[in-house]
Amino acid sequence: MGRHRLHLKRDELFRSEEHIERWLDGRAPGATISVGTLCDLAHAWWGDRLAEDWLPRTREENQAILERLGLTGEFWLLA
Amino acid sequence: MDPRDLRLRRLTYRLIVELGRAPTAAETAAAGAMAEAGVARGWQRLHDQHALVLDAETAAIRMANPFSAVPTPYRVLAGGRSWHANCAWDAFGTCAALHVDGRIETSCADCGDALHVAVVNRLPDDESRASIASFPRTGGGTTSSSPEAR
């Protein structure tokens, strides 16, 4: 699959893994994470958004956030 | 990112929090003692740098992540206001950006049943812990990893 981008507008919440499988209906899965991990990711990613000294992060800085949360592997490689 | 654009971005986000919605170019110009045309040009530069997303037809703010300026299936009650987020990640991000607890109201993408998640002290409530977030393998949309130009 190679490197790709995460699609902000497309991640969805489901009741359980069973619901994801039914929703995929045979399509290739992406990545699934717990709501707890998603919440941690959101705080690491967006927590500085309103800071007075906010500066855009580099790809490497974004990648480091994912790695700190254990989000590693091909799927989580940022473009 | 140009210091001028950083200032405009900071002002725009401040107004989003103050108003509970995306400001118009006129409101932003008034708050920043700027010309409205200058705000519009600045927003276009920020759009080009992936720092916010403008509506293609009206040039109004459509997204200033994690906030959505238009209604979405992700409603967030936080900081005494109701917000919309662009996706599940942004819904949690709304609480994160505001540094407040909140409540996310959406539905299971499969069955459509209501999914409500309370976020308290940066953690989802126990009842919602069984819920799963799924990121698609492919598809269009705004990218999180598009680097905002430094």
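The values are calculated or read from the model by the stated rules, or taken from the named source; none is laboratory data. If you're wondering where the values come from, they're calculated on a predicted model, not measured in any experiment. FYI the Cβ positions are ideal-geometry reconstructions off the backbone, even for glycines, and counts take in every protein chain you see. All accessible areas refer to the heavy atoms of the entire protein, side chains included, with ligands and DNA or RNA removed. Shrake-Rupley method; radii C 1.70, N 1.55, O 1.52, S 1.80 Å.
Annotation: amide H of B:S107 within the under-5 Å range of B:L115, sequence separation 5 or more or interchain, hydrogens built in the peptide plane. Element breakdown for chain B at a 1.4 angstrom probe: carbon and sulfur atoms account for 51% of the accessible area. Comparing the protein assembly as shown with the 2.2 N^0.38 Å rule of thumb, its C-alpha radius of gyration ratio is 1.00 (two decimals). In order along region B:80-86, the Karplus-derived 3J(HN,Hα) couplings, from 6.51 cos²θ - 1.76 cosθ + 1.60 at θ = phi - 60°, round to x, 10, 10, 10, 10, 10, 6 Hz, and Gly and Pro are given as x. Region B:54-105 gives an Rg/Rh value of 1.00, both radii derived from C-alpha positions and Rh following Kirkwood. Between the alpha-carbon centers of region A:47-79 and region B:1-68, tell me the distance in whole angstrom. After rounding, the separation between the Cα centres reads 23 Å.
Computed from backbone phi with θ = phi - 60° and the Karplus coefficients 6.51, -1.76 and 1.60, the 3J(HN,Hα) list for region B:30-41 is 5, 5, x, 6, 10, 7, 4, 5, x, 5, 4, 5 Hz; x is used for glycine and proline. The dipole here belongs to the protein assembly as shown: it is taken about the Cα centre, uses +1 on the Cβ of Lys and Arg and -1 on the Cβ of Asp and Glu, and is about 580 debye.
Among B:L46, B:L77, the sequence by solvent-accessible area, most first, with a 1.4 Å probe is B:L77, B:L46. The 1.4 Å probe gives accessible areas that order B:H99, B:H50, A:H43, largest first, as B:H99, B:H50, A:H43. When shorter helices are ignored and each DSSP H run of at least 4 residues is given -39500 (n - 2.57), the per-residue value for chain B at 222 nm works out to -10000 deg cm²/dmol. Highest average first, the peptides B:61-74, B:4-17 ordered by how many other beta carbon atoms sit within 10 Å of their residues are B:61-74, B:4-17. Ranking A:E12, B:E57 by solvent-accessible area of protein heavy atoms (1.4 Å probe, all protein chains present), from largest to smallest, gives B:E57, A:E12. Normalised by 2.2 N^0.38 Å, where N counts its residues, the alpha-carbon radius of gyration of chain B equals 1.11. For region A:24-79, the fraction of alpha-carbon pairs lying more than 18 Å apart is 42 percent, rounded to a whole number. Taking amide H as placed 1.01 Å from N in the peptide plane, the amide H of A:R57 sits under 5 Å from that of B:E148, each at least 5 places away or on another chain.
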